[in-house]
């Protein structure tokens with residue numbers, strides 16, 4: 001996937017995701033977790049951009065294992081970041097319910113689907 005294509009598709013994906021997040025929080029029991037959901041969105045937004053930049057650079061190197069190493073590394077980074085993010089939120093804000101996990105995992109899954117799509121397209125283009 002070329003940089004311009006990534007920027008356009010990621011921009012559209014991000015806007016649609018952000019609008020869906022905000023709509024899902026309006027007037028619902030999720031409204032108290034809006035700031036948490038927006039922070040979650042921001043974290044995955046940044047991680048996705050970083051993953052694309054590193055994977056794009058790795059794809060250009062003659063080392064065939066570099067691309068795979070970058071992908072695996074970033075998936076572990078996402079998992080650990082998610083764990084730290086959730087544990088930090090729980091320890092600081094002590095939520096009364098686990099409902100905050102619903103938008104968190106929804107955002108996680110949306111970004112995972114986009115990343116798989118993006119990386120599959122990137123794999124087929126040099």
Can you tell me which of (1) farther than 13 Å from residue 107 by Cα; (2) in contact (Cβ under 8 Å) with a residue 24 or more places away in the chain; (3) part of a helix (DSSP H, G or I) is the one residue 1 doesn't meet?
(3)
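Conditions (1) touching a helix residue (DSSP H, G or I) at 6+ places or on another chain (Cβ under 6 Å); (2) at pLDDT 95 or above; (3) more than 17 Å from residue 109 (Cα to Cα), marked per residue:
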| residue | (1), (2), (3) |
| --- | --- |
| 15 | no, yes, no |
| 19 | no, yes, no |
| 26 | no, no, yes |
| 32 | no, no, yes |
| 39 | no, yes, no |
| 63 | no, no, yes |
| 66 | yes, no, yes |
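For the structure I just gave you, tell me whether residue 72 is at pLDDT 95 or above and either loosely packed, with under 12 Cβ neighbours inside 10 Å or within 24 Å of residue 119 (Cα to Cα) (or both). First the steps, then the outcome.
On the way: at pLDDT 95 or above: no; either loosely packed, with under 12 Cβ neighbours inside 10 Å or within 24 Å of residue 119 (Cα to Cα) (or both): yes.
No.
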What about residue 122, is it in contact (Cβ under 8 Å) with a residue 60 or more places away in the chain, crowded, with 18+ Cβ neighbours inside 10 Å, under 18 Å from residue 3 (Cβ atoms) and over 11 Å from the mean Cα position of the chain (by Cα)?
yes
With the condition kept exactly as written, say whether any residue in the stretch 55-62 is closer than 26 Å to residue 88 by Cα, surrounded by 15 or more Cβ atoms within 10 Å (Cβ to Cβ), within 19 Å of the chain's Cα centre (by Cα) and touching a residue at least 60 places away in the same chain (Cβ under 8 Å).
no
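Suppose we filter the stretch 95-104 for residues that are closer than 14 Å to residue 42 by Cα and free of Cβ contacts under 8 Å to residues at least 40 places away in the same chain; how many remain?
0
The values are calculated or read from the model by the stated rules, or taken from the named source; none is laboratory data. Since the model is a prediction, treat every value here as computed from it, not as a measurement. We place every Cβ from the backbone using ideal geometry, glycine too, and count neighbours over all the protein chains shown.
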